[in-house]
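Each value in this text was obtained by applying a stated rule to the coordinates, not by laboratory testing. None of these values were measured; they are calculated from a predicted model. Backbone-built Cβ (ideal geometry, glycine too); neighbour counts: all protein chains shown.
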Amino acid sequence: MWSLPSLLLLPALFHQASSLPQQQQHQAVAVGFPRAASGCGNAQFLPGVTQYRFGLKSSGKERSYSYHVPSSYDKNKRYPVVVGFHGSSSVGLFFELDSKMSEARYSAEKIMIYPNGIDGSWAGPTYHTGSSIAEDIQFVADVLADAKSKFCVDDTRIYATGISNGGGFINTLACSPLGSTLFTAYASHSGAFYTDVNGPENGCAPAKKPVPMLEIHGAADRTVKYEGGEGDGGPQPAISEWLEWWAQRNGCGERSEETLEGGVHRYEWACGGKKGVLQHYKVDDLGHCWADTEPNLSQISVPQGPSVIKASEIIMKFFDSFP
């Protein structure tokens, strides 16, 4: 889990109130992707400035998210959407600031969305009790439906990324019959894969294959260890094993490996006849923080200095290769 300074946590702003009795983490609820009207033609107030959506009803709970549309937003042009999921003990605002993904150099032609987990985390680990997995997946579907009613969205280019608990949650989405229909590609950073620990045939059931998946992880990560083991919210797989499971699920061929400067190892698989469907960056000296050649907030929490790669740049290029 992340340790976040209290001034950035903003608990009063992002606390998620529930109007239903507390449900167990894995209690099933009816899920579906609500039909949304097109938001094309709607002018946007203050494009280029992050804004907030409160009071979104999902599974009987009040939920929220923030969003950032390009400063050059054209109401009649369809835009790709990238949804960023924060780590535990955090909020979407922190993920936005830490990754810098709303900056024009990364998302000048994309709509960025940052959902907020209940009580600062996402379902899956044992420490999360505010919502079930099914409820959080439904919340993501509801966020996208809400966004499509407000913005001009390209339905074929919707992507998911996240770090730590959020990085693990996008894997939960990718393995879900519903969640796997919501996104074109997935990119996890320092993923805590609490819901994917028992091999390739462990209930992971994406509705479509292959599933484009990128994972970035530090070999020096002491919070979500590269070699796996017991985490703050339960057991976690070794990253090398988890990658092989996805290679099997995606029907990938042999792995290729490239060693880059600065102790970076890049792995790639061709799956279903397409190159680079499954990719991985292992960074030898990276701890549990967002990889960036510039200082950022999560580096301070490790603590460590800047990395040798820019995760946001790598992730956006990966998404752009799956239109």
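Assorted remarks:
- Positive contributions from Lys and Arg (+1) and negative ones from Asp and Glu (-1), summed over other residues with Cβ under 11 Å from the Cβ of Asp196, come out at 0.
- Cα gyration tensor shape of the stretch 199-285, rounded if a/c is under 1.5, else prolate or oblate by comparing a/b with b/c: oblate
- For Tyr65, Tyr186, the sequence from fewest to most other C-beta atoms within 10 Å is Tyr65, Tyr186.
- Extension gain from Lys317 to Ala238, taking 0.36 nm per residue of separation minus the Cα-Cα distance: 25.9 nm
- Secondary structure note: in the chain, about 55% of the DSSP beta bridges are antiparallel.
- Contact order relative to length of the stretch 51-321, as percent, for alpha carbon pairs under 8 angstrom and 6 or more apart: 15
- Amide proton proximity set for Glu215, modelled H, under 5 Å, gap of 5+: Ser188, Gln279, His280, Tyr281
- Look at Phe183, Phe193 and count the other Cβ atoms within 10 Å of each Cβ; fewest to most, that gives Phe183, Phe193.
- Formal net charge of residues neighbouring Thr126 (Cβ-Cβ distance under 13 Å; K, R +1; D, E -1): -2
- Entries of Lys61/Lys150; Lys208/Lys275; Lys209/Lys275; Lys110/Lys317; Lys150/Lys209; Lys282/Lys310 with Cα pairs more than 24 Å apart: Lys150/Lys209
- Note on Tyr127/Lys75: beta-carbon distance plugged into 1/(1 + (r/R0)^6) with R0 of 56 Å gives a FRET efficiency of 0.85.
- Within the stretch 40-66: backbone nitrogen closer than 16 Å to the Ala108 label point (7 Å, Cα to C-beta): 48
- Förster radius 22 Å - calculated FRET efficiency between Asn198 and Glu254 (Cβ-Cβ, nearest 0.05): 0.35
- Sites Ala205 and Lys274 - FRET efficiency at Förster radius 25 Å, r taken between beta-carbons, to 0.05: 0.75
- Backbone N under 19 Å from the Glu294 label point (7 Å along Cα→Cβ), restricted to the stretch 88-130: 93-113
- Summarising the amide proton neighbourhood of Gly228: residues at separation of 5 or more, or on other chains, whose placed amide H is nearer than 5 Å comprise Ile239.
- Whole-Hz couplings from phi, Karplus 6.51/-1.76/1.60, listed for the stretch 131-139; x for Gly and Pro: 7, 8, 4, 4, 5, 5, 5, 5, 4
- Distance between the modelled labels on Asp154 and Val49, one decimal in nanometres: 2.8 nm (7 Å Cα→Cβ projection).
- Alpha-carbon centroids, the stretch 61-117 and the stretch 178-212: separation in whole Å: 21
- For Leu56, Leu243, Leu46, order by how many other beta-carbon atoms lie within 10 Å, fewest first: Leu46, Leu56, Leu243
- Cβ charges +1 (Lys, Arg) and -1 (Asp, Glu), total dipole of the stretch 106-200, debye: 180
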